[in-house]
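Undergrad: First the structure, then my questions, so here it is.
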Amino acid sequence: MSHDTSTGKGKASQSRFSRQWHYRPDGAIQTSPLFHWPPDPAGIGRWFAARWLVLGENVIIAALAVLTWYYCQPSLAVTKNLEFSWIALMFLRNTALIVIVAGGLHFFLHTRKTQGNKLKFNPEELKARGSRFTLNSQLRDNMFWTLGSGVVFWTAFEVLMLWAMANGYAPLLPWTQNPLWFIALFFLTPLWISFHFYWIHRLLHWPPLYRIAHSLHHRNTNIGPWSGLSMHPLEHVLFFSSVLIHWIVAAHPIHILFHMQHQALTAATSHAGFEGLLVKDKRSMALGNFHHQMHHRYFECNYGSLEVPWDKVFGSFHDGTEQSHEQFTQRRRELARRGA
C-alpha cells in the first residue's frame, strides 16, 4: 500500500503534509536493523538479502567495478606515474557513466515520462527556468556542476588512490591475501559511505558553509537525476573524501572503483524523484527514497541515510508519517523561537 494523491480520493480530508506529495510510501520509513537493540539476526539477514540478492544498485555497481578494472582501467604499473593520457581516459569513462545513468533516467522519467507520474514523489515538474540556477535552467545548472565539477573530483580521487596504491603509500589488498575480507569490503563500503555522509552533510549545513557551498545543491527543492551530483566544488571534495579511508584500510583497486562509482552513480538514482523504475507496470529496480526527498523539501531533517541511523540518534529523523511531521514542525518552531 502507498499514498497516491493523484486519484483525488479523500483530498478534502488530507493534511497539508499529504497534499504536498503525489506519492509517498505507506507506513513509517525504517532504518537498517543493524543498529537496533536487541539484535535481530533474521531482520539483518533480510536487509542484506534485499540489497545484495536482487538485481539492484549494489550488485550492478559491484559488477561494473569489476568490469571497469579488467577492461577500462589502467593497471597499477601505469598509474604509478601521473600522466595526462590515462587520467584523461578515466575522466572520459566517468563522464560516460554519469551521462548514461543520470541522463538516461532523466530522459525516460522526466522527458519521455515512460511511467507517467507513477511512484513520483513531487507532483510538480522539474523547474525549467529560473534566475537562481546557473545558465537560468535547472537542467543546465545540474549538468554544468555535475560534469564541470563532480566528474572532475570523482576522477581526481580515483587517480589519487590508484597512484597511492601503485607507489605503496596506500595499502594494497590482493584477492589471495584475504578472500573473506576482500568480499566483506563490498558489504561494508555502503555503510562507511553512510556514516561519513551524515557528518559531512551536517557540516555543510553549518550556516557559513551552507552559504558558501551547500546552498548550490539545495537550489533543487524538487530533484531529478542530474541533481544528485550538482554541488559546489568544496562539497564535492568533502563528499568524495570518504574514499580516503583506504589510506588506512587495505583495499584492492576494484574496491576503490566500487566505492567511487557507488557514491557518484547512486547520487543520480537517489535523486531520481521516483521511488522505483517500472517496466511493464512492474517494479524492476528501486530508485530514489522518500527519506532524502523530504530533506530537499524541509532541509532540517534526514541529513544522513538509512544504513547508519545518525538522524535517530540526534533527533532529526523524519519517518514520513503524519505524526513524525507534526513532531518535526514543532521542533522547527522551537528552534526558530530560540533563534537557532
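The values are calculated or read from the model by the stated rules, or taken from the named source; none is laboratory data. Fair warning: this is a prediction, and the values are worked out from it, not measured in the lab. Because the Cβ atoms are built from the backbone with ideal geometry, glycine has one as well, and the counts that use them run over all protein chains shown. Ligands, DNA and RNA are excluded from the accessible area calculation, which covers all protein heavy atoms including side chains. Shrake-Rupley method; radii C 1.70, N 1.55, O 1.52, S 1.80 Å.
Undergrad: Among the residues of segment 141-152, which ones are of a type in the set (A, V, I, L, M, F, W, C) and surrounded by fewer than 18 Cβ atoms within 10 Å (Cβ to Cβ)? So that I can check it myself, show each step before the final result.
TA: So in segment 141-152, the residues of a type in the set (A, V, I, L, M, F, W, C) come out as 143-145, 147, 151-152.
Listed by number, the residues that qualify are Phe144, Val152.
Undergrad: Moving on. Please work out which residue is farthest from the chain's Cα centre (by Cα), limiting yourself to segment 300-319 and to residues that are aliphatic (A, V, I, L, M) and assigned to a loop (DSSP other than H, G, I, E, B).
TA: Val308
Undergrad: Of all residues in segment 79-96, which are surrounded by 15 or more Cβ atoms within 10 Å (Cβ to Cβ), in contact (Cβ under 8 Å) with a residue 60 or more places away in the chain and either more than 17 Å from His255 (Cβ to Cβ) or among the charged types (D, E, K, R) (or both)?
TA: The answer is Lys80, Ile87, Phe91.
Undergrad: Looking only at segment 278-291, decide whether some residue is in contact (Cβ under 8 Å) with a residue 12 or more places away in the chain, open to solvent by less than 10 Å² (accessible area, probe 1.4 Å) and assigned to a loop (DSSP other than H, G, I, E, B).
TA: yes
Undergrad: Looking at Ala156, Ala184, can you tell me which residue is among the small types (Gly, Ala, Ser), farther than 28 Å from Ile100 by Cα and either part of a helix (DSSP H, G or I) or in contact with a Leu (Cβ under 7 Å, 6 or more places away or on another chain) (or both)? Steps first, please.
TA: On the way: Ala156 fails: farther than 28 Å from Ile100 by Cα.
Matching residue, one of Ala156, Ala184: Ala184.
Undergrad: Among (1) farther than 20 Å from Ile223 by Cβ; (2) free of Cβ contacts under 8 Å to residues at least 60 places away in the same chain; (3) not β-branched (Val, Ile, Thr), there is one condition Trp163 misses while meeting the rest; what is its number?
TA: (2)
Undergrad: Can you report the number of residues in segment 15-56 which are under 19 Å from the mean Cα position of the chain (by Cα) and over 24 Å from Ser284 (Cβ atoms)?
TA: Residues that pass the stated criteria total 1.
Undergrad: Since Ala267 meets every condition but one in (1) assigned to a helix (DSSP H, G or I); (2) within 25 Å of Gly45 (Cα to Cα); (3) touching a Leu at 6+ places or on another chain (Cβ under 6 Å), which condition does it not meet?
TA: Condition not satisfied by Ala267: (2).
Undergrad: Residue under question is Val99, and the condition is that it be modelled with pLDDT of 95 or more, closer than 23 Å to Ile61 by Cβ, more than 19 Å from the chain's Cα centre (by Cα) and not charged (D, E, K, R); does it hold?
TA: In short, no.
Undergrad: With the structure loaded, tell me whether Trp226 is open to solvent by 10 Å² or more (accessible area, probe 1.4 Å) and more than 24 Å from Gly104 (Cβ to Cβ) or whether it fails that test.
TA: Judged against the criteria, Trp226 is not a match.
Undergrad: Across segment 104-139, which residue is surrounded by the fewest Cβ atoms within 10 Å (Cβ to Cβ) among those that are of a type in the set (Gly, Ala, Ser) and assigned to a loop (DSSP other than H, G, I, E, B)?
TA: The first filter runs over segment 104-139 and keeps only residues of a type in the set (Gly, Ala, Ser), leaving 104, 116, 128, 130-131, 137.
Then drop every residue that is not assigned to a loop (DSSP other than H, G, I, E, B), which leaves 116, 128, 130-131, 137.
Numbers: Gly116: 10, Ala128: 10, Gly130: 11, Ser131: 5, Ser137: 16.
Restricting to residues being of a type in the set (Gly, Ala, Ser) and assigned to a loop (DSSP other than H, G, I, E, B), the top hit is Ser131.
Undergrad: Only one of these is closer than 20 Å to His252 by Cα, crowded, with 16+ Cβ neighbours inside 10 Å, of a type in the set (Ser, Thr, Tyr) and out of contact with any Lys or Arg (no Cβ under 9 Å at 6 or more places or on another chain): Thr189, Thr155, Thr176. Name it. Show your work before the answer.
TA: Working: Thr155 fails: out of contact with any Lys or Arg (no Cβ under 9 Å at 6 or more places or on another chain); Thr176 fails: crowded, with 16+ Cβ neighbours inside 10 Å.
Being closer than 20 Å to His252 by Cα, crowded, with 16+ Cβ neighbours inside 10 Å, of a type in the set (Ser, Thr, Tyr) and out of contact with any Lys or Arg (no Cβ under 9 Å at 6 or more places or on another chain) holds for just one of Thr189, Thr155, Thr176, which is Thr189.
Undergrad: In this structure, does Ala42 turn out to be surrounded by fewer than 17 Cβ atoms within 10 Å (Cβ to Cβ), out of contact with any Ser or Thr (no Cβ under 6 Å at 6 or more places or on another chain), at pLDDT below 95 and not in a loop (DSSP other than H, G, I, E, B)? Talk me through it step by step, then tell me what you get.
TA: Details: surrounded by fewer than 17 Cβ atoms within 10 Å (Cβ to Cβ): yes; out of contact with any Ser or Thr (no Cβ under 6 Å at 6 or more places or on another chain): yes; at pLDDT below 95: no; not in a loop (DSSP other than H, G, I, E, B): yes.
In short, no.
Undergrad: Condition first: open to solvent by 40 Å² or more (accessible area, probe 1.4 Å) and in contact (Cβ under 8 Å) with a residue 12 or more places away in the chain. Now tell me which residues in segment 316-340 satisfy that.
TA: Once the filter is applied, which keeps residues that are open to solvent by 40 Å² or more (accessible area, probe 1.4 Å) and in contact (Cβ under 8 Å) with a residue 12 or more places away in the chain, segment 316-340 yields Phe317, Glu322, Arg331, Arg332, Leu335.
Undergrad: Is it fair to say Trp69 is surrounded by 15 or more Cβ atoms within 10 Å (Cβ to Cβ), under 27 Å from His296 (Cα atoms) and either among the aromatic types (Phe, Trp, Tyr) or free of Cβ contacts under 8 Å to residues at least 40 places away in the same chain (or both)? Before the answer, list the steps.
TA: Working: surrounded by 15 or more Cβ atoms within 10 Å (Cβ to Cβ): yes; under 27 Å from His296 (Cα atoms): no; either among the aromatic types (Phe, Trp, Tyr) or free of Cβ contacts under 8 Å to residues at least 40 places away in the same chain (or both): yes.
Here the answer is no, as Trp69 does not meet what is asked.
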